[in-house]
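Heads up, the thing below is written out as structure tokens.
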Amino acid sequence: MRAAHCLPVMALAELLAGWPAGAYAGACKVDVKVRIEMAPDERCWTYRGAATTFIGAFSYGQRIAIQMIGEASDYDPRTGRTVTSWRPRDPNVEGPGGFFSGAAEAPGSLTFTAPASGTYRVSFAPCAMWGAPGVVKICAR
């Protein structure tokens, strides 16, 4: 009885075949990593480019503020053209002991207190923006 409610695999394949390749293609597969390297006397680090993951060490109790913006492209069916604009990216962070946060305070902004000293990985969504130019600012206090 359950199978009667499922879309047969061949019908699903035919449905997907009519979609533009970008609708299910792998922009999310290429992860470009950059090291966060702040000079000892600096509190903020800025990156401009197409990286997707930012890796750096933070200390227990540090307050970390992340801001991200990037280029996004949308297809406009009325004109048949791709429109490019700058938009906030949704930052997220992973850290020691399974720590994860993606609870943004505002579009493109995430602030957290490091629960442990160690290596943290900052990334963003949507992955459709991966590979496009962007600006990332990370401050630690």
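The values are calculated or read from the model by the stated rules, or taken from the named source; none is laboratory data. Quick caveat, the model's predicted, so the values are computed rather than measured. Positions of Cβ are generated from backbone atoms using ideal geometry, with glycine treated the same way; all protein chains shown enter the neighbour counts.
I'd like to verify a number: residues in the stretch 58-67 that are in a strand (DSSP E or B) and either on the phi > 0 side of the Ramachandran plot or buried (at least 16 other Cβ atoms within 10 Å of the Cβ) (or both), how many? Working first, answer last.
Going residue by residue through the stretch 58-67, those that are in a strand (DSSP E or B) are 58, 63-67.
Going one step further and asking which of them are either on the phi > 0 side of the Ramachandran plot or buried (at least 16 other Cβ atoms within 10 Å of the Cβ) (or both), we end up with 58, 64-67.
Residues meeting the conditions: 5.
Scan the stretch 81-104 residue by residue and report those that are basic (K, R) and either part of a strand (DSSP E or B) or in contact with a Lys or Arg (Cβ under 8 Å, 6 or more places away or on another chain) (or both).
The answer is R81, R87.
Just to be sure, is A72 of a type outside the set (D, E, K, R), buried (at least 16 other Cβ atoms within 10 Å of the Cβ) and modelled with pLDDT under 95?
yes
Scanning the stretch 114-136 for residues that are hydrophobic (A, V, I, L, M, F, W, C) and buried (at least 21 other Cβ atoms within 10 Å of the Cβ), which turns out nearest to R87 (Cα to Cα)? Break it down stepwise before answering.
At the first step, the residues of the stretch 114-136 found to be hydrophobic (A, V, I, L, M, F, W, C) are 114, 116, 122, 124-125, 127-130, 132, 135-136.
Now narrow it down to the ones that are buried (at least 21 other Cβ atoms within 10 Å of the Cβ): 122, 124, 129-130, 136.
Working: V122: 18, F124: 12, M129: 10, W130: 13, V136: 12 Å.
Only one residue fits best here, namely M129.
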